[in-house]
Amino acid sequence: MNDIDQAITELIPPERSGGMLVGMLVGALAGALAAALLAPQSGTVTRDLLRERGLELKDRADDLLRSRRAPL
């Protein structure tokens with residue numbers, strides 16, 4: 001099991017990680033693709049924006065994982 005799978009398993013109990021998670025991921029990817037294709041900015045600006053948002057999302061996910069791992 002890789003780190004991402006382990007992180008997902010820790011955040012979402014196995015009995016609830018089925019179709020809902022897959023649907024959310026597919027929806028997020030479809031939304032990101034639509035936003036990239038319909039963006040009013042140039043490709044360079046859009047790529048920079050996507051990179052910045054991706055880093056923000058990664059930081060938020062890291063913070064969430066740390067808070068879930070911290071002892072109560």
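We did not get these values from a lab; they are worked out from the coordinates using the rules stated. Here the structure is a predicted model, which means the values were calculated and not measured. Ideal geometry is used to build each Cβ from the backbone, glycine not excepted, and the neighbour counts take in all protein chains shown.
Residues that are of a type outside the set (A, V, I, L, M, F, W, C) and either within 18 Å of I12 (Cβ to Cβ) or in contact with a helix residue (DSSP H, G or I) (Cβ under 7 Å, 6 or more places away or on another chain) (or both) within the range 24-40 comprise just one, G27.
Restricting the range 14-65 to residues that are hydroxyl-bearing (S, T, Y) and over 23 Å from D3 (Cα atoms), the residue that is surrounded by the most Cβ atoms within 10 Å (Cβ to Cβ) is T46.
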